[in-house]
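To start, the structure under review is shown below, and the notes come after it.
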Amino acid sequence: MPWSCSELLRRLRDLDETSTIEAKTASEVGKALRSTISSFSNEPHLGGGFLLLGVSRQEGKDSIEYNATGVSDPDRIQADLASLCRTAFNKPVRPDIQVERIEGQTVVGVFVPEAEPADKPIYVAATGLPRGAYRRIGSTDQHCTDEDLRLFHEDARGESFDATALRSAKMADVDPEAVELFRRMLERARPGSEILGWTDEKILAALGCLDESGDKVRPNLAGLLLFASSAALRRLLPMTRLDYIRVPGREWMADPDESYYTVEILEPLLRTYQRAEAAVMDDLPVAYSIPRDSAQRKETPLVPRRVVREGIINALMHRDYRVHGPTQIIRYADRLEFRNPGCSLVERERLGQPGSRTRNPLVANVFRDTRLAESKGTGIRAIREQLEAAGLVEPGFESDRSGDVFVLTVRFERVDGEAIAGLDPEPVRDQVGTKSGPSRDQVQLLEFSRESRSIADLMGRLGRSNRTKFREKHLKPLLEVGWLAMTIPDKPRSSKQQYVTTAAGKEALEKALAEDD
């Protein structure tokens, strides 16, 4: 991987110290560097990190500055660094060292590679375990815990966490209905698959969902997540549930007295996916239309179903099941957030590219067998493409390594900057003196409709493109807040939509007119 000291200094000035870069004045190599070398070597999926020696950090009132101050004896610094990496740790660390002149000063850059799983943890030999081993959390070096050491040992065995055996699990924990659901989904996805006629136990074995290492055969973690009964999940894995939370407004806990609508799902993962998708889609507003050849109105979700599906599947497939906390889907007034324990295993810039890393390969394979998930890396790309096609803004991605959480954010906002009507807690803004009343244009429309004059006839005098703009700008907000209602045409073949002012619309109109006076 090509790199340079000048590029590292530029990144420091742009981003400050990060999980992969640390600056030191470093007039000499000492104990202060050992914890950082250990943490860069140990942090899973970080890929290693950089030390930039001969750079000072100065905090001003409104900014942080990094300046090249230089090292006086770069040859000695290099020799001491190489010796430290070779002798101070339980296993030798092989850094890549470069020297560069920047702004008239000699600066030393050091790349510390991530150690192979079989070599972790890298720890300070004189201190020993666990205090001598470190992880890189954000821009800090943190002592490893016993749980961290267990993670390293699992990775060293080359076994994914979802293959972990649970001694208290038993075959009776498997729900035959969950296996049958898998069969039905597999038959739709891959008709004629040879495993459709196999016994439940043989199917689980073929999927790698059984632990056969002891005296008894039992489901491993993946087998429980995918096929256990709700009672077994409650007993063995109660915090692997998914919570769908409906939050009024745009902020979490904006009003501590406000009661939130919550759906808690603790089911096998395929059933969890189905219930979660239904909960989200049922709660999203829809756009209404009546096709010319139909008397029935057509409802189109304002957020594409594929986006919701991929968000849920991504959260269930890639969450870290070591973390004792639920997966969450939070519906705010202006956005959907899909939050799962476990930071992304790839850099943000590589999200959506082919070849993504999989935290739970056994779980992921079942989602792919049933075609709920496709090839690696395509889910994020599909979300981006679907939102673009719907005219919505780019999704947001947040991977927090220190908090060990990944967040996908889908905003209810169009590329042109307009919020989707009906999702804002104050969807129709004040233009006549009230905070939630209709605008002047909408007052005219409500009056027009209240007087039994046809809005559809009014729209008929507009061109097609202007009708679309009129519908999006004026009618959709009124439909979403319930001040205007649309009725099915009287004649089956009629395409003319009828709009009527509702009781709530009449009340809002009268209030707006009174305040305007």
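Observations on the model:
Every residue, every condition in (1) free of Cβ contacts under 8 Å to residues at least 12 places away in the same chain; (2) surrounded by fewer than 12 Cβ atoms within 10 Å (Cβ to Cβ); (3) under 24 Å from the mean Cα position of the chain (by Cα); (4) not assigned by TED's automatic domain parsing to the domain that holds Arg368, yes or no:
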{"position": "Phe182", "(1), (2), (3), (4)": "no, no, no, yes"}
{"position": "Asp211", "(1), (2), (3), (4)": "no, no, no, yes"}
{"position": "Asp215", "(1), (2), (3), (4)": "yes, yes, no, yes"}
{"position": "Ser230", "(1), (2), (3), (4)": "no, no, no, yes"}
{"position": "Trp252", "(1), (2), (3), (4)": "no, yes, yes, no"}
{"position": "Tyr261", "(1), (2), (3), (4)": "no, no, yes, no"}
{"position": "Glu267", "(1), (2), (3), (4)": "no, no, yes, no"}
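- Subset of the stretch 92-111 that is touching a Lys or Arg at 6+ places or on another chain (Cβ under 9 Å) and surrounded by 15 or more Cβ atoms within 10 Å (Cβ to Cβ) - its residue that is farthest from Arg401 (Cα to Cα): Val107
- Residues in the stretch 363-381 that are under 14 Å from the mean Cα position of the chain (by Cα) and among the small types (Gly, Ala, Ser): Gly377, Gly379.
- Residue in the stretch 9-20 that is outside any helix (DSSP H, G or I), of a type in the set (A, V, I, L, M, F, W, C) and within 31 Å of the chain's Cα centre (by Cα) present: no
- Arg322 passes every criterion in (1) at pLDDT below 90; (2) of a type in the set (Lys, Arg); (3) farther than 14 Å from Thr240 by Cβ apart from (3).
Yes or no, residue by residue, for (1) over 30 Å from Ala118 (Cβ atoms); (2) surrounded by 17 or more Cβ atoms within 10 Å (Cβ to Cβ); (3) at pLDDT below 90:
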residue	(1), (2), (3)
Arg13	yes, no, yes
Asp16	yes, no, yes
Glu28	yes, no, yes
Leu33	no, yes, no
Ser39	no, yes, no
Leu46	no, yes, yes
Gly49	no, yes, no
Glu59	yes, no, yes
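- Of the residues making up the stretch 152-176, those that are part of a helix (DSSP H, G or I) and either surrounded by 15 or more Cβ atoms within 10 Å (Cβ to Cβ) or touching a Leu at 6+ places or on another chain (Cβ under 7 Å) (or both) number 7.
The values are calculated or read from the model by the stated rules, or taken from the named source; none is laboratory data. Keep in mind it's a predicted model, so treat the numbers as computed, not measured. Counting neighbours? That spans all protein chains shown, and the Cβs are built from the backbone with ideal geometry, glycine included.
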